[in-house]
1. Going residue by residue through segment 35-43, is there one that turns out to be outside any helix (DSSP H, G or I), farther than 22 Å from Leu109 by Cβ and among the charged types (D, E, K, R)?
2. For the subset of segment 59-86 comprising residues that are loosely packed, with under 14 Cβ neighbours inside 10 Å and either at pLDDT 95 or above or over 18 Å from His6 (Cα atoms) (or both), which member is farthest from the chain's Cα centre (by Cα)?
3. Output the residue which, of all residues in segment 1-43 that are over 24 Å from Gly59 (Cα atoms) and touching a residue at least 40 places away in the same chain (Cβ under 8 Å), is surrounded by the fewest Cβ atoms within 10 Å (Cβ to Cβ).
4. Could you please tell me which pairs satisfy a Cβ distance under 6 Å, a separation of 6+ or placement on different chains, a first residue in segment 79-99 that is in a loop (DSSP other than H, G, I, E, B), and a second residue that is at pLDDT 95 or above and surrounded by 12 or more Cβ atoms within 10 Å (Cβ to Cβ)?
5. Could you please let me know if Phe43 is in contact with a helix residue (DSSP H, G or I) (Cβ under 9 Å, 6 or more places away or on another chain) and over 20 Å from Val15 (Cα atoms)?
Amino acid sequence: MIASAHLKSLLILVVAILLEVAGTTCMKLSNGFTKLVPSIAIFVLYGLSLSCFTVALRGLPLSVASAVWSGVGTSLVAIIGFAWFKEPVTFAKVAFIGLILVGVIGLNLVLEDQVR
């Protein structure tokens, strides 16, 4: 079982990831900074994301937290691209997103071993 301090840090990391994904989605919605609300939201969401990420690092190793943050964020953004923005889905894209997620799972297993 993961210690409560690490669990709290992981939960804060999840919030940071979701905020970053929302900010990245707003980049697309801003249409190159031509739409005001999504353009402002980019900076607000990224600022909140980086703040949460910084707090999460109190209880997580930088190497694992950064890899999880970028890997899960990238995967979620790709899924949003497929589902919401109707970007083409190919076998290669799905396979490589799967490999990213396998890496994230592996890093979390290593983290659990370190916490025990």
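The values are calculated or read from the model by the stated rules, or taken from the named source; none is laboratory data. Small disclaimer: the values here were computed from a predicted structure and weren't measured. Please note: Cβ atoms are built from the backbone with ideal geometry, for glycine as well, and neighbour counts cover all protein chains shown.
1. The answer is yes; a qualifying residue exists.
2. Ranking the qualifying residues of segment 59-86, first place goes to Lys86.
3. In this case the residue turns out to be Lys28.
4. Matching pairs, first to second residue: Glu87/Gly81; Val89/Phe82.
5. Against the criterion (in contact with a helix residue (DSSP H, G or I) (Cβ under 9 Å, 6 or more places away or on another chain) and over 20 Å from Val15 (Cα atoms)), Phe43 does not qualify.
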